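To start, the structure under review is shown below, and the notes come after it.
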Amino acid sequence: MLTSTLVTPDSSMLWAEDNTDSAMDASAAAGPPPPVAATFAVALKLPDFWLHDPPSWFVHVEAQFALRGISVDDTKYHHVVASLDPLATRCVMTLLRDPPSQGKYAALKELLLRRYALSDAERAEKLFNLSGLVGGTALELMENMLSLPLDDGGFLFAHLFLRQLPAAVRAVLANSPLLPAKDYRSLAEEADRILLVSRTFGIHALATDPPAAPSTPTPASPGASAPLLTAGIAIRPHCRNSICFYHQRFGDRARRCLPPCALTAQGNGPASAP
């Protein structure tokens, strides 16, 4: 005769199973956790693509990727594509239509740099047509030149920099040990120090130099000026057709005459002294 035995689970086993089921239900309701890269991608907004300076733009972009921990190739690729303007998009449309299965970001970056970065000839043209300091500093000029480097500028690069400086500064830097060392930023800083000293010295010299006294005629002594005035008065009556002052004024009725006078022959004698 068979006897059936009913096994009843204890309360601890029932409690553990209930908790497990509750945790699974909560996890299913919440959904799978989002990838780390996707979480950061939502918060990232890159600047528009810089057509005039792609290398600098990629330096900025890759710094943003590093700060947010973005390393997935597809994520970086799509961020760059979203930052392109219509002109740049058309230039790389062949790649965008059929991107490689691996290395999308690297391929897009290489293509953009090839299309928009300056060629060696364009960089050389800019270096040969610099406009000097133009109110800026020598260090600013050097930074601009370093953004346009030739593969091997050599002595030519330093010469192009020096020719943008005033002659006095060039003379001081001509034998600087920074030239053979190719320490161009330090060379530019030294040029700025020389420029500052020369400008300060020039301003100080102008401030301390006494102004030139205006030239004024030396007054003549009373004794020397009296004969000149007397001569002027005496000459005035004889300035018209050799006729004296009295005949000019009174004509034939003049009772006085100052020689030489053309009317003396008419009977008017020379004027007596007053």
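What is the number of the single condition among (1) over 19 Å from His79 (Cα atoms); (2) out of contact with any Leu (no Cβ under 6 Å at 6 or more places or on another chain) that Arg123 does not meet?
All conditions are met except number (2).
What single numbered condition from (1) among the hydrophobic types (A, V, I, L, M, F, W, C); (2) surrounded by 12 or more Cβ atoms within 10 Å (Cβ to Cβ); (3) at pLDDT below 85 fails to hold for Phe58?
(3)
For the stretch 39-96, give me every one of the helices (runs of 4 or more DSSP H) that falls completely inside it and has 2 or more residues that are of a type outside the set (Asp, Glu) and in contact (Cβ under 8 Å) with a residue 60 or more places away in the chain.
The helices (runs of 4 or more DSSP H) meeting that bar are 54-67.
Just need a number here: residues in the stretch 100-139 that are in a loop (DSSP other than H, G, I, E, B) and crowded, with 16+ Cβ neighbours inside 10 Å.
3
How do the pairs read when you match residues in the stretch 183-207 that are in the same structural domain as Ala167 (by TED's automatic domain parsing) and hydroxyl-bearing (Ser, Thr, Tyr) with residues anywhere that are assigned to a helix (DSSP H, G or I) and modelled with pLDDT of 85 or more, using Cβ under 6 Å and keeping only pairs 6 or more apart or on different chains?
Pairs that qualify, where the first residue is in the same structural domain as Ala167 (by TED's automatic domain parsing) and hydroxyl-bearing (Ser, Thr, Tyr) and the partner is assigned to a helix (DSSP H, G or I) and modelled with pLDDT of 85 or more, are Tyr184/Met142; Ser186/Leu178.
Yes or no: the stretch 134-143 includes at least one residue that is free of Cβ contacts under 8 Å to residues at least 60 places away in the same chain and under 29 Å from Cys91 (Cβ atoms).
Scanning the stretch 134-143, I find at least one residue that is free of Cβ contacts under 8 Å to residues at least 60 places away in the same chain and under 29 Å from Cys91 (Cβ atoms), so the answer is yes.
The values are calculated or read from the model by the stated rules, or taken from the named source; none is laboratory data. Since we're looking at a predicted model, the values are computed, not measured. Please note: Cβ atoms are built from the backbone with ideal geometry, for glycine as well, and neighbour counts cover all protein chains shown.
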